[in-house]
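Here's the structure, in structure tokens; my notes come after.
The values are calculated or read from the model by the stated rules, or taken from the named source; none is laboratory data. Treat the numbers as computed from the prediction; the structure is a model and nothing was measured. Every residue, glycine among them, receives a Cβ derived from its backbone with ideal geometry; neighbour counts consider all protein chains shown. What goes into the accessible areas is simple: the full protein's heavy atoms, side chains included, and nothing from ligands, DNA or RNA. Shrake-Rupley method; radii C 1.70, N 1.55, O 1.52, S 1.80 Å.
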Amino acid sequence: CSFVCSPKGFPKLKNDTFLRAARGEETEHTPVWCMRQAGRYLPEFRETRAAQDFFATCRSPKLCCELTLQPLRRFPLDAAIIFSDILVVPQALGMEVVMVPGKGPTFTEPLKEVEDLLKLRQKVDVTAELGYVFQAITLTRHSLEGRVPLIGFSGAPWTLMSYMIEGGGSTTMSKAKSWLYRHPEASHQLLRLLADVITDYLVGQVAAGAQALQLFESHAGHLGPEQFQDFALPYIQDIAQAVKRKLKEEALPQVPMIIFAKDAHYALRDLAHAGYEVVGLDWTIRPQEARAQTGKDVTLQGNLDPCALYAPKEKIGELVKKMLEGFGTQRYIANLGHGLYPDMSPEHVGAFVEAVHAHSRQINKH
């Protein structure tokens, strides 16, 4: 991952199973990747990351490339996802975020009052602020040598807003939610600003070489159906439409888009019609139930309980088989219902990936 590269002349893609499944085309096996597959469960990841501050790592295209490729050296995954963080977007808006060991990401000055919105950059030049992510994507796309497609991503507006107001993680999101109730207009103003930046950021990722995009609405579960309808869904829909429109205007490829709204079962029908080719699912919904709600025109992605990877390998195989029988092997991308945890065994991650390939091929034969 050392040479400087241009977002042109990328190597030819050898394994497009993930992209075909995302577009609803037939696949010989069910493709599989894992959220947080580049992560602390890998000893080589911990070693690469040891010397540097987390966000400094995010700003190093070379390190992001290395971390993105690590899981692919170990496992026959069907996609890579660029190593980055959703909080680079609030940073681009001018907020300071630091990674506090044992606590996680922390905003030095979270948004407290409506007036604080004036401190944010109202016009963001994504290339100037987030060009390091674009460079990482271009470098990684070349370094993958066409092995598998590269996924780009962003946090969704509500999830980013909640971090910006809470100042970090929270079990209740009560500060952020209080804005929705007390300051609905200012909330919409902030969400609109975020949606516009996210749109440009995602388009920039495709221009840099991303072959699919995932939008993470990780904090959807803190909203009920009504607030989701008002403060999350409209922006999720807008982003899909605006990204597709801008890709067309800029003569860039129309890449499949994935929406992952954690714990938002109440909104699955709406999400299936929100303009995304793929709807990601967490582990708290039955495959058959998700299919019934989303219909035949979207691909589903998910949703093994990440903690299932603590089970013995044979048990992981059984759970994967059951999951594949529930979803069916087509119009489906296997994944976990959330990210990998740092104390998981790489061997068990390998068992998960191999079980998806083996059982889906078996089911397809019959």
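Summary table below
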quantity	calculated
Close pairs (7 angstrom Cβ cut-off, 6 or more residues apart or separate chains): among the β-branched types (V, I, T) in region 152-175, outside any loop (DSSP other than H, G, I, E, B) and open to solvent by 10 Å² or more (accessible area, probe 1.4 Å) anywhere	T159/F216; I165/K175
So L130, is it hydrophobic (A, V, I, L, M, F, W, C) and closer than 23 Å to M161 by Cβ	yes
Residue among E96, E28 that is farther than 17 Å from P149 by Cβ, open to solvent by 20 Å² or more (accessible area, probe 1.4 Å) and at pLDDT 95 or above	E96
Unique match (being touching a helix residue (DSSP H, G or I) at 6+ places or on another chain (Cβ under 8 Å) and more than 30 Å from L190 (Cβ to Cβ)) among L87, L77	L77
Filter result (among the small types (G, A, S) and either in contact with a Lys or Arg (Cβ under 7 Å, 6 or more places away or on another chain) or surrounded by 12 or more Cβ atoms within 10 Å (Cβ to Cβ) (or both)) within region 247-261	A261
Residue identified as open to solvent by 40 Å² or more (accessible area, probe 1.4 Å) and either free of Cβ contacts under 8 Å to residues at least 24 places away in the same chain or on the phi < 0 side of the Ramachandran plot (or both) among A56, A50	A50
Candidate set: region 195-246, residues that are over 17 Å from S162 (Cα atoms) and not in a helix (DSSP H, G or I); chosen: the one most open to solvent (accessible area, probe 1.4 Å)	Q211
